[in-house]
1. What is the spin-label model distance, in nm, from Ser88 to Ile114 if the labels are put 7 Å beyond Cα along the C-beta direction?
2. Any idea of the accessible area per residue across region 167-228, 1.4 Å probe, to the nearest Å²?
3. Give the residue from Phe117, Tyr251, Asn82 lying farthest towards the positive end of the charge dipole for the chain; charges sit on Cβ (+1 for Lys and Arg, -1 for Asp and Glu) and the dipole is referred to the Cα centre.
4. Given contacts defined as C-alpha pairs under 8 Å and at least six residues apart, what's the relative contact order of region 177-251, whole-number percent?
5. Mind checking which of Val230, Val55, Val187 has the largest fluctuation in a GNM of the chain, springs on alpha carbons under 10 Å?
6. Please report the relative contact order for the chain, taking Cα pairs under 8 Å with a sequence separation of at least 6, and give it as a percent rounded to a whole number.
7. Do any of Lys183/Lys225; Lys183/Lys250; Lys90/Lys150 go past 20 Å between their Cα atoms, and which?
8. Can you give the accessible area of Glu83 in Å² (nearest 10), computed on protein heavy atoms with a 1.4 Å probe?
Amino acid sequence: TYRGMDTLKIYKENGLSAAGKKGEKDFRAIRFKPQTDDLSGKGLAFFKNEPIDYVYAAKSALTDEGARELSQIKSVRSLDLNETEKLSEKGFINLLSALPNLESLSFGSDTTTIDSFKAVSRLRNLQKLMIRSRRRPLPKQFGNELIKLKSITCLTLDDCMDLDENQLKELLPLRSLERIALKSQKVSIPMIKVLSRLAATYYTFEDCTMSAGTFAELAKKRGVKISIDVSTTGDIGEISDLTAKGVLQKY
């Protein structure tokens, strides 16, 4: 629960039998350990009637069978499925279609296909989206699916293979966007020129390599705020100047 964190074993046949015997209930969040045994059993059904709103399964061994059990928890609003290598595209799509209340989603690895993006585009309540695609390029026209998300306010692109200005142009119609973050990306002047045309005014760069002139180019945008972490590299003069002006902050 949100009152504290505990570790419970999920049994394939009996669910969380130990927790059930103690009368524990009102679970609000589930966080799976990375790369443990297959999360495929009916034990996940224990949470069916629990008020779960946050599920963290990044780098876990979640399977399609486990995803079917999770799909019964209709209260889930935040879901992290980054690098769930045992979850198929079909399992991912079926899970999303069963969770109409999703407001925050992280996904990546082998599920970054155009059909997956089509499923994401049908999430009418989605506000925050993080995409990681380091093993395969983002599919063509992925942005044309994302622009169907009328409620999205925050978008993160994390270590996306071969990300360039042409892909970013597909996102220009996203008028609801307020914040955009790039992580582990090489950012060029052509890319930053497209980024500056987005509706967003808050930009975050984490572990990025910025070409000379990128920060100065982005700073031309009216009302822009830029944040960078200590691992992001760029022109020292630009960073110092924009920091002094209050446009850029480091954390």
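1. Distance between label points: 2.1 nm.
2. For region 167-228, the per-residue accessible area is 44 Å².
3. Phe117
4. Details: 134 pairs, mean separation 22.7, N = 75.
Computed over region 177-251, the figure is 30 percent.
5. Of Val230, Val55, Val187, the most mobile in the Gaussian network model is Val230.
6. Numbers: 560 pairs, mean separation 24.3, N = 251.
In percent, rounded to a whole number, it is 10.
7. Values: Lys183/Lys225 17 Å; Lys183/Lys250 15 Å; Lys90/Lys150 25 Å.
Cα-Cα > 20 Å for Lys90/Lys150; rest within.
8. We get 20 Å² for Glu83.
The values are calculated or read from the model by the stated rules, or taken from the named source; none is laboratory data. These numbers were taken from a predicted model, which means no experiment stands behind them. Neighbour counts are summed over all protein chains in view; Cβ atoms, including those assigned to glycine, are modelled from backbone coordinates with ideal geometry. To get the accessible areas, we keep the full protein, side chains included, count just its heavy atoms, and leave off ligands, DNA and RNA. Shrake-Rupley method; radii C 1.70, N 1.55, O 1.52, S 1.80 Å.
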